[in-house]
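To keep things clear, I will list the structure first and then write my remarks on it.
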Amino acid sequence: MYLKNLSLVCKLYRLIITPLKCFHTNSHHIPAFQLPPFLQSSSIALNLHQGKQVHAQLILNGITTANPLLLAMYLRVGSFTDAKNLFYRMDLGCIKRWNLMIRGLVKMGSFHFALMFYFKLLGCGVSPDNFTFPSVVKACSALNNVRCGTLIHELIMLMGFEVNVFVGSSLINLYVENGYTSLARNLFDKLPVRDCVLWNVMLNGYVKLAELDKAIEIFEEMRKGDTKPNEVTFAAILSVCGSDGMVNFGTQLHGLVVSCGLDSNSVVANTLLSMYSKCGWLSDGRKLFDMIPQADLVSWNGMISGYVQNGFMEDALCLFSEMISSGVKPDSITLSSFLPAVTGLGSLRKGREIHGYILRHGIPLDVFLKSALLDVYLKCRAVDTARNIYNQSTKFDIVMCTAMISGYVLNGLSNDALEIFRWLLKEKIRPNAVTLASVLPACTDLAAIQMGKELHASVIKNGLADRCHVGSAVIDMYAKCGRLDLAHCVFRRLTERDSICWNSMITSCSQNGKPEEAINLFRQMGRTGTKYDCVSISAALSASANLPALHFGKEIHGFMIKSSLFSDLFAESALIDMYAKCGNLDLAQHVFDMMELKNEVSWNSIIAAYGNHGHLKDCLALFDKMLKNKIQPDHVTFLAIISACGHAGKVNDGVHHFKSMVEEYGIPPRMEHYACMVDLLGRAGRLDEAFKAIQSMPFSPDAGVWGTLLGACRNQGNVELAEVASRHLFYLDPQNSGYYVLLSNLLADAGHWRSVLKVRSLMKERGVQKVPGYSWIEVNNTTHMFVAADGSHPQSKHIYSLLKTLLLELKREGYVPQLYLRMNPKERVS
């Protein structure tokens, strides 16, 4: 047998040999003797010193010491050198001695040495038996060396040990742990006897590789046989139900658990609890939790985590308090699971309390707990506290750094976020998909498209381009930096698109003046079978409002009523905004009245609706109602009110609310607030005050602010101030044709024809093309769009004929048409 398998042995030896020093063998035979009884017992704890004392005493008494029991003792206490020296004084022709040595080395974790002794066994001409292979295969498994394992498998087959339960089980475990489930299954089907442990190994292998159908299939096979499932079986199969949302199958398994008498088993109960939580069946999960006679820490953690993951933050807070009251001490996992509830509630005070509890009770601040604390402080705007925790850390990892990056971006500190990212790269800490998805919005905020492109290149280089959340961040970055074409390219190249990717692209089109594309994408999303969520609905409604397309908005409204999305606050708020922008204020009010719950977004939507329609009185009345309902106004609320005051010409009211926002509510004014104030004062002809407002801004005004002033100058005929505004605009946004046209028209009105020619020459020099404006009207659920002198409409002849008739009728009534622009005297025809 030895000579027959010599070539296989040589292959194995070449594959596994390591730079370990080889040991010389001593084949001198020493007869066995009876050692003291305590040395034979594996239950008696010995240390190396005590073992050597026994060995020395035996030598002093002239007793031969080459006994397997003494060898087993040295292996038990972990002394490889002493075990090896003793082993080589034994009879090396006995397979039992080799098995004892190999098994002992595997238990010690010396897997390379175990394999080396296996090859020595073969080299000495000793034939391995069915007790040799389980330990050898286990060593291969520990080293993740499947290739070596398969070669050993060949030898096992040649020797006829493949169907041995212990040898076969070790091979199946090797293949399963390394992802070779097909090889494992082939061997599994050959075994004549398969106990529950072996079934569980196969089941867990399929679960680990997310081969859920096969996991269910093997569980059903197990049930058809005589093998009774145990707690390990149920823990594995229930995890399948939780990960795949198979709650109906999970409830059936729950019944089987009860019939098997395992419902009181803590492992099974906790897995059931996790399954109900992941499937969103929190009421059933809570009933199960309350039925557990003595809930352990894992049960508490599972229930708290379930509440947090499903958005029941108040319930999570109550359960955490109940846990403390019952005397169960939370660990770092409990607190890591619970802290997102504090973040969701926006309770900085509660976050500080938890932090104090951690410090008082000496709970170790591991990576996940520290990251959860950073997340709380950053999302509750306590940036300095978060920064102190981060700076006091001695060890940094990618999780903590990612938490700081996303937190800085959230708080508008994009430069700080990029600084941490640069430090990561400097320290050679490899950013993961979440890190890249978190840092990309910093490039968006700073309009740093070049840096965004570099990050995109890094995403592609690291093979992360197909990750949905990373792709969505790249799409969002390009769209917000004005490169919708590149956003489209990234979107098209994604091999898999989840709802986040679709939402990102739909929102990008809607916000970049492409409402038709947004609606088309929304339809495509539905056709692919991707489920709509509140973000999809909000983005589509926003596109309908911008088009406007009332009929499409009504269709979405109908879809919301049929689905569960009608109760979503943000989707309903978008619905209010859509109806208002499409001119149907009554329907907007009806949607608002029908809302069971209202938050600041809902109130802001209805206040803005009345403000945009010029109903200032109703707008302010709603603001008062909002305060009486104890809803705190935010920056959007005041933006809507100041804008409404501007539309109604109530300058003093607008100024009053601007001051109130800053002084009473402590809300710092943003760029859009200043633009609104400039518009408010400009409409009233108070251009000097508008200019002073711009000069008082704590940050540099953007093109939107200067553009608002230029528009006001056009209405009031103020050429001097218009030229000041245009100088800034031509620097900040040199390719926007609207600003050139606006200034040119103003100069033409004032008769400054040389200046008009200069503006037109500047446009040609910079290659600025005038984008034609267009109008649209909805007739019978169809939107018709027109530009000046448009002849593309299929009914254009009939439209122009009707328009000519209307103009004749107007002239008969005394209407005298006025040119929008004065003509240059040189261009007049005599």
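The values are calculated or read from the model by the stated rules, or taken from the named source; none is laboratory data. As the structure is a computational prediction, the values presented were derived from the model and not from experiment. Counting neighbours? That spans all protein chains shown, and the Cβs are built from the backbone with ideal geometry, glycine included. Note: areas computed on protein heavy atoms with side chains; ligands, DNA, RNA excluded. Shrake-Rupley method; radii C 1.70, N 1.55, O 1.52, S 1.80 Å.
Of the listed pairs K379/K428; K329/K395; K426/K453; K395/K480, which have alpha-carbon separations greater than 24 Å here?
Values: K379/K428 28 Å; K329/K395 26 Å; K426/K453 19 Å; K395/K480 35 Å.
Listed pairs above 24 Å: K379/K428; K329/K395; K395/K480.
Measuring between their Cα centroids, the range 640-692 and the range 729-802 lie 29 Å from each other.
Dipole magnitude for the chain: computed about the Cα centre from +1 point charges on Lys and Arg Cβ and -1 point charges on Asp and Glu Cβ, it is near 2420 debye. What a 1.4 Å probe finds exposed on the chain is 54% carbon and sulfur by accessible area, rounded to a whole percent.
Projecting the Cα atoms of T402, I172, A83 onto the charge dipole of the chain, computed from C-beta unit charges around the Cα centre, puts A83 farthest toward the positive end. Estimated at the nearest 10 Å², the accessible area of E177 is 90 Å² with a 1.4 Å probe. Bridgeable lysines around K224 (alpha carbons under 16 Å apart, same-chain partners fewer than 8 residues away excluded): K214. Partner lysines whose Cα lies under 16 Å from the Cα of K628, excluding those fewer than 8 positions away in the same chain, are identified as K598.
When ligands, DNA and RNA are left out and all protein chains stay put, how many square angstrom of accessible area per residue does the chain have with a 1.4 Å probe? Per-residue value: 52 Å². The residues W706, W753, W423, sorted by heavy-atom accessible surface at 1.4 Å with ligands and nucleic acids left out, run W423, W753, W706 from largest to smallest.
Each peptide in 605-611, 150-156 gets a packing score, the mean of other Cβ atoms within 10 Å over its residues, and the list from highest to lowest is 605-611, 150-156. Straight-line reach from K531: taking Cα to Cα under 22 Å and skipping same-chain neighbours fewer than 8 places apart, the lysines in range are K278, K554, K562. Accessible area of D485 (1.4 Å probe, protein heavy atoms only, ligands and nucleic acids ignored): about 80 Å². Is the range 496-596 rounded, prolate or oblate when judged by the Cα gyration tensor, a ≥ b ≥ c being the square roots of its eigenvalues, rounded requiring a/c under 1.5 and prolate requiring a/b larger than b/c? Judged from the Cα gyration tensor, the range 496-596 comes out oblate (a/c at least 1.5, b/c at or above a/b). Using the rule -39500 (n - 2.57) for each DSSP H run of four or more residues, divided by the residues of the chain, the 222 nm mean residue ellipticity is -21500 deg cm²/dmol.
The mean sequence distance of close C-alpha pairs (under 8 Å, at least 6 residues apart), as a share of the length of the chain, puts its relative contact order at 3 percent.
About its Cα centre, the range 294-394 has a charge dipole of approximately 400 debye under the convention of +1 per Lys or Arg Cβ and -1 per Asp or Glu Cβ, with nothing else charged.
With the whole protein complex present, R76 retains an accessible surface near 100 Å², based on a 1.4 Å probe. The order of the peptides 671-678, 462-469 by mean Cβ neighbours within 10 Å, most packed first, is 671-678, 462-469.
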